[in-house]
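Asks: Below is a structure I'd like to ask you about.
Please treat every number below as a calculation from the coordinates, not as lab data. Owing to the predicted nature of the structure, the values given are computational and were not obtained by experimental measurement. Here the Cβ is made from the backbone with ideal geometry for all residues, glycine too, and neighbour counts use every protein chain on show.
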Amino acid sequence: MDVFAALADPVRRSLLEQLAHDGPARVVDLTDGRGISRPAVSRHLRVLREAGLVSVHEAGRERHYALDAAPLAAVGALVDVLRGPGRRHTPPVAASALDALGLEVRRTGRDRRAATGASSRTTDTGHHDTEESA
């Protein structure tokens with residue numbers, strides 16, 4: 001079975017996600033909460049095993065299924081090709097650093113205005129007028 005074909009089914013993807021998150025599990029554990037029968041889960045696990053995405057460890061009468069992520073390298077390689085060199089946009093600076101830069105620019109402007117002081121003068125009408133230098 002092809003890895004891509006195995007990943008095409010949402011039930012199989014959710015089984016892989018559970019195995020990745022929880023570690024090895026029995027069929028009965030993987031059936032809980034899915035709304036499908038144990039034989040159906042077993043069939044999905046067989047497909048995943050044929051694709052090399054899960055391995056089986058026999059412990060007495062129980063079979064424990066575990067994720068084998070090695071075949072997913074082909075999926076990652078395809079995703080990288082599809083993204084292409086110009087499609088992966090990662091900013092050179094984290095957004096939080098830019099937020100901090102904006103705060104620092106505002107703070108510097110405020111400090112500069114405070115340091116130069118506001119020049120004050122009285123207009124012809126007697127009103128007090130304040131002019132700030134930038």
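Asks: Evaluate the distance, in nm, between pseudo-label points positioned 7 Å from the Cα of residue 14 and of residue 106 along their respective Cα→Cβ axes.
Replies: My value for the distance between the label points is 4.5 nm.
Asks: By how many nm would the segment from residue 58 to residue 79 lengthen if fully extended, with 0.36 nm per residue of separation less the alpha-carbon distance?
Replies: My answer for the length gained is 4.1 nm.
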